[in-house]
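The values are calculated or read from the model by the stated rules, or taken from the named source; none is laboratory data. Predicted model, so just to flag it, every value in this text is computed and none were measured. Here the Cβ is made from the backbone with ideal geometry for all residues, glycine too, and neighbour counts use every protein chain on show.
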Amino acid sequence: MQDATIESLSFPSVPPGRAGSAASGVLADPLTEVLRRGARRLLREAVEAEVAAWIDQRADLVDARGRRQVVRNGSAAPRTVVTGLGPLEVTMPRVHDRRPASGGRERFASKILPPYLRKARSIDELIPWLYLKGVSTGDFTEALQSLLGPDCPGLSASVVTRLIEQWQDEHRQWSQRDLSDKHYVYIWADGIHFNIRLEGPPDDRQCILVLMGATAEGDKELIAVQDGYRESEQSWTELLLDLKHRGLTTAGGDPKLAIGDGALGFWAACRKLLAGTREQRCWVHKTANVLDKLPKAQQPRAKEALHQIWMAATRQQANSAFDLFVAKYQAKYPAAVTCLTKDRDVLLTFYDFPAEHWMHLRTTNPIESTFATVRLRHDKTKGNGSRRACLAMVFKLCASAQKRWRRLNGHDLIPEIIAGVVFVDGEKEKAA
């Protein structure tokens, strides 16, 4: 029986005399070679350990003659996996289970290198990121070869086009999924603008509407990614109507709190369709809007004064800091004061929820951070392109990012929020 290994993790070679040249397309970098050798060794060791552990867990499975039923059985045919270090040719170990199919036979499938893996997850994230940055499908081959090396297989323009079509289908199916078993306690809403080529009149302010939610278990989930006209009430109304039709509020009623920018048409739609949902304005957006109405020389001190409001330990202290800000800036900068005070009540709603949740509830950061690398707030998009492709790219980026979203702090308090327990200044109200 052949000893199974992961062999030949090969990379593009650099011809002699052409190291580092533009013609070769590959930089001869000693550090990169060290990293490649390290990747080869670690990958081989990791999969060997995975296979050995899987077999050892079944060491007690023997036949009537005492022979082990689950054993190593050579290696599969080599295949190439595209990674951030370039293409790696890998050979996976084989495992043979001698038991009959009716006797509980199992098939080994590596979690490190699944059977059909051809691209590392980082590459799947790179393609939509490049598209949203304005790289056309025709330029993908050149862009990817510059990043991953000239010998990367399976990443031609036609392959990328097929991937985009596949992701469009995935987004369409995801956008029709049943939500009747979902209970979202908190939701975050925002409108995202991208510097990609979109079709339509140049004066149309079209954007991507994004809705995220926190479940009863405290996990953050993407709820909706849909294109809309600007950030209008009509667009948000259509989105919320579709979600309710698919069962958004069936399991647990309306979300307890919605967080978003004050400029959104979302709020008008929310008041009509989610009447039981309270409102919390985003302090990051509000701070930026207030500072925009002040001279630059005044902004550092004003920012600190605003910080004192939303970081106050109690609502009373926050109101006191609010009043102080108004007293300082009302006479000379009334526009800045009006921008702040018009949303005074809904800026402080978070005080009625557990203090452990405040860092999640005061801003739309769960959405903002996901799009930090691709989001540009322009007055209008430029050029032409496919909105369906844009939606597919945004969906894939969100779906990938969602795997790394962490659970809410104090998630064990969410059942109390659902049960209607009253919180005052972040703490449970004491019985009289």
Query raised in the report: Quick one: would you say residue 239 is more than 18 Å from residue 366 (Cα to Cα) and either buried (at least 18 other Cβ atoms within 10 Å of the Cβ) or of a type in the set (A, V, I, L, M) (or both)?
Result: yes
Query raised in the report: Would a scan of the stretch 252-268 turn up a residue that is part of a strand (DSSP E or B), touching a residue at least 24 places away in the same chain (Cβ under 8 Å) and over 22 Å from the mean Cα position of the chain (by Cα)?
Result: no
Report summary line: With the first residue restricted to the stretch 52-77 and required to be in contact (Cβ under 8 Å) with a residue 24 or more places away in the chain, and the second required to be of a type in the set (Ser, Thr, Tyr) and not in a helix (DSSP H, G or I), Cβ contacts under 8 Å at 6 or more apart or on different chains are 75/5; 75/91
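Residues are listed down the side, and each one gets a yes or a no for (1) in a loop (DSSP other than H, G, I, E, B); (2) buried (at least 17 other Cβ atoms within 10 Å of the Cβ); (3) at pLDDT 75 or above; (4) acidic (Asp, Glu):
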position	(1), (2), (3), (4)
371	yes, yes, no, no
374	yes, yes, no, no
378	yes, no, no, no
382	yes, no, no, no
391	no, yes, yes, no
395	no, yes, yes, no
398	no, yes, yes, no
405	yes, yes, yes, no
420	yes, no, yes, no
Report task. Name the residue, out of 272, 286, that is buried (at least 17 other Cβ atoms within 10 Å of the Cβ), part of a helix (DSSP H, G or I) and basic (Lys, Arg). Result -> 286
Query raised in the report: What residue, of 265, 253, is among the small types (Gly, Ala, Ser) and touching a strand residue (DSSP E or B) at 6+ places or on another chain (Cβ under 9 Å)?
Result: 265
**Report entry** Hey, residue 304 at pLDDT 95 or above, under 29 Å from the mean Cα position of the chain (by Cα) and of a type in the set (Asp, Glu) or not
**Finding:** no
Query raised in the report: Hey, among the residues in the stretch 332-369 that are part of a helix (DSSP H, G or I) and in contact with a Phe, Trp or Tyr (Cβ under 6 Å, 6 or more places away or on another chain), which one's surrounded by the fewest Cβ atoms within 10 Å (Cβ to Cβ)?
Result: 358
Requested in this report: Filter the strands (runs of 3 or more DSSP E) completely within the stretch 41-152 down to those with at least 1 residues that are closer than 24 Å to residue 402 by Cβ, modelled with pLDDT under 70 and among the hydroxyl-bearing types (Ser, Thr, Tyr).
Outcome: 79-83
